[in-house]
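Undergrad: My questions will all concern the structure given below.
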Amino acid sequence: MSEVTVYAEKCKGCRYCAGVCNQDAISFSEKSNAAGYQFAQVDPEKCIQCGLCYTVCPDCVFEIA
Amino acid sequence: MAVTRVKPKLIGENNQYCSGCGHGILNRLVAEVLEELGRADDAILVTAVGCACMMNELWQGDNMQAAHGRAPASATAIKRLRPENIVFTYQGDGDLSSIGIAEILHATARNEKFTTIFANNGVFGMTGGQMAPTTLVGQKTTTTHFGRDPQFTGMPVKIVELLATLKPAYLARGSVDSIKNINTTKKYIRNAFEAQIDSEGFSLVEVLLPCPTNWHLTPEQALERVGSTVEAYYPLGEVVKRGE
Ligand SMILES: Cc1ncc(C[n+]2csc(CCOP(=O)(O)OP(=O)(O)O)c2C)c(N)n1
Ligand code: SF4
Ligand code: SF4
Ligand code: SF4
């Protein structure tokens, strides 16, 4: 079974990923990362490893392997 | 269906683009295509001037930076001296359609055997969002405070349609505003590089990108504007197909 890794330090909070995830699996942190952005987090219970978030992310935050 | 998706090796860890900048998506698509073609090691990138040139810090393959607008001239020389390598330019719309319009027109007219990835975000990004030749009618920028007025600055330049009269090997326009359009754009980029590999002549893919910072929109609003407004003036599709 593959799983999604989120490299949260690279996230710039654009929210494109949440816009394309049709499983409603992406939410945003309350705390900011070192760059000052509230970062994406994935709910593994909801995620189906479809890869849409990877496709739209400008910052290569997601890895599905 | 579960898939495998891993950052291409040609893309480094951190880019310097703003939140939601379209260059991040497009840089990755180019890297994915070159790796899938097995040509990551012999592809030579020629960057332009502008935010688009920050690709050279992210890019883990061979590259050089050309003078503003002159990447097609540099790429001409590199490709003629090293025809076995894949050579491509990555240029913004300020760079390619303003200061560099002579170079891109003549590279196309000569049907040089390299590829251009043309990143069109409708403004001069790096210098603070001034009007570019591609800025839409009515669009407010730092040099068109009341919106671009065609009586004063003419009409936005459609590069792909303009170059089509010169009959190069391949011309297409894509976008990154939806998963469907990102996937189609990737196919166009693949077609462009395959045209080069088969020595068919010049190939160019224009890609409509958001610049949230200089459009003064949130990234989500900027991406929506690409789909709702920018694509209405710049139609997507293949304008010159391979073998036509
Ligand atoms: C000869 C010269 N003229 C002007 C400039 C200033 N300048 C830097 S980037 C740029 C425009 C870049 O716009 P674009 O190609 O659309 O790229 P973007 O920043 O939007 O990616 C200009 C005019 C320069 N660096 N050199
Ligand atoms: S698309 Fe990427 S950079 Fe944007 S919020 Fe999602 S993970 Fe962060
Ligand atoms: S892989 Fe698919 S389901 Fe999982 S977070 Fe990304 S878009 Fe949502
Ligand atoms: S100013 Fe615009 S083009 Fe430049 S990095 Fe920021 S969003 Fe991208």
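The values are calculated or read from the model by the stated rules, or taken from the named source; none is laboratory data. The structure presented is a predicted model; accordingly, all values stated were derived computationally and were not measured. Here Cβ is always computed from backbone atoms with ideal geometry, including for glycine, and neighbour counts include all displayed protein chains.
Undergrad: Filter the range B:1-49 for residues that are aliphatic (A, V, I, L, M) and assigned to a helix (DSSP H, G or I); which is nearest to the other protein chains (Cβ to nearest Cβ)?
TA: Across the range B:1-49, the extreme among qualifying residues is B:Ile25.
Undergrad: Looking at the range B:143-202, which of its residues are in contact with a Leu (Cβ under 9 Å, 6 or more places away or on another chain), more than 16 Å from B:Glu32 (Cβ to Cβ) and within 14 Å of chain A (Cβ to nearest Cβ)?
TA: B:Ser175, B:Asp177, B:Ser178
Undergrad: Another question, then. In the range A:1-57, how many are within 17 Å of B:Thr218 (Cβ to Cβ), of a type in the set (Val, Ile, Thr) and facing chain B (nearest Cβ under 7 Å)?
TA: Of the residues in that region, 2 qualify.
Undergrad: Here's a follow-up. If you check every pair at least six apart or on different chains, which have Cβ atoms under 7 Å apart with a residue in the range B:213-242 that is aromatic (Phe, Trp, Tyr) first and a residue that is at pLDDT 95 or above second?
TA: The qualifying pairs are B:Trp215/B:Ala222; B:Trp215/B:Arg225; B:Tyr233/B:Leu136; B:Tyr233/B:Pro156; B:Tyr234/B:Lys158; B:Tyr234/B:Arg173; B:Tyr234/B:Leu208.
Undergrad: Just need a number here: residues in the range B:52-79 that are in contact (Cβ under 8 Å) with a residue 24 or more places away in the chain and loosely packed, with under 15 Cβ neighbours inside 10 Å.
TA: Total meeting the criteria: 2.
For every residue, the table says whether it meets (1) within 14 Å of ligand 2 (Cβ to nearest atom); (2) more than 22 Å from B:Leu26 (Cα to Cα); (3) not aromatic (Phe, Trp, Tyr).
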residue: A:Glu9; (1), (2), (3): yes, no, yes
residue: A:Gly13; (1), (2), (3): yes, no, yes
residue: A:Asn22; (1), (2), (3): no, yes, yes
residue: A:Ala25; (1), (2), (3): yes, yes, yes
residue: A:Gly36; (1), (2), (3): yes, yes, yes
residue: A:Cys50; (1), (2), (3): no, no, yes
residue: A:Cys53; (1), (2), (3): yes, no, yes
residue: A:Phe62; (1), (2), (3): yes, no, no
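Undergrad: Looking only at the range B:56-114, filter to residues that are among the acidic types (Asp, Glu) and closer than 15 Å to B:Glu206 by Cα; which one of those is farthest from ligand 3 (Cβ to nearest atom)?
TA: Top of the filtered list is B:Asp95.
Undergrad: I've got another one for you. Can you find a residue in the range B:125-136 that is at pLDDT 95 or above and closer than 21 Å to B:Gln196 by Cα?
TA: No, the range B:125-136 has no match at all.
Undergrad: In this structure, is B:Ala52 away from ligand 2 (no atom under 16 Å from the Cβ), within 14 Å of the chain's Cα centre (by Cα) and part of a helix (DSSP H, G or I)?
TA: yes
Undergrad: Moving on to the next point. Would a scan of the range B:219-239 turn up a residue that is more than 14 Å from chain A (Cβ to nearest Cβ), assigned to a loop (DSSP other than H, G, I, E, B) and of a type in the set (A, V, I, L, M, F, W, C)?
TA: Scanning the range B:219-239, I find at least one residue that is more than 14 Å from chain A (Cβ to nearest Cβ), assigned to a loop (DSSP other than H, G, I, E, B) and of a type in the set (A, V, I, L, M, F, W, C), so the answer is yes.
Undergrad: Further, regarding this structure: Considering only the range A:25-65, how many residues are among the small types (Gly, Ala, Ser), surrounded by 16 or more Cβ atoms within 10 Å (Cβ to Cβ) and more than 10 Å from ligand 3 (Cβ to nearest atom)?
TA: Qualifying residue count, the range A:25-65: 0.
Undergrad: To continue, here is another question. Going by the conditions given, is A:Ala35 among the hydrophobic types (A, V, I, L, M, F, W, C), away from ligand 4 (no atom under 16 Å from the Cβ) and modelled with pLDDT of 95 or more?
TA: no
Undergrad: Can you tell me which condition B:Lys9 does not meet? The list is (1) surrounded by fewer than 23 Cβ atoms within 10 Å (Cβ to Cβ); (2) closer than 30 Å to A:Met1 by Cβ; (3) within 16 Å of ligand 2 (Cβ to nearest atom), and all the others hold.
TA: (3)
Undergrad: Do any strands (runs of 3 or more DSSP E) entirely within the range A:1-54 hold 3 or more residues that are farther than 20 Å from B:Tyr17 by Cβ, and if so, which?
TA: Once the strands (runs of 3 or more DSSP E) in the range A:1-54 are filtered for at least 3 residues that are farther than 20 Å from B:Tyr17 by Cβ, what remains is A:26-32.
Undergrad: Which one of A:Ser32, A:Ser2 is free of Cβ contacts under 8 Å to residues at least 60 places away in the same chain, small (Gly, Ala, Ser) and at negative phi?
TA: A:Ser32
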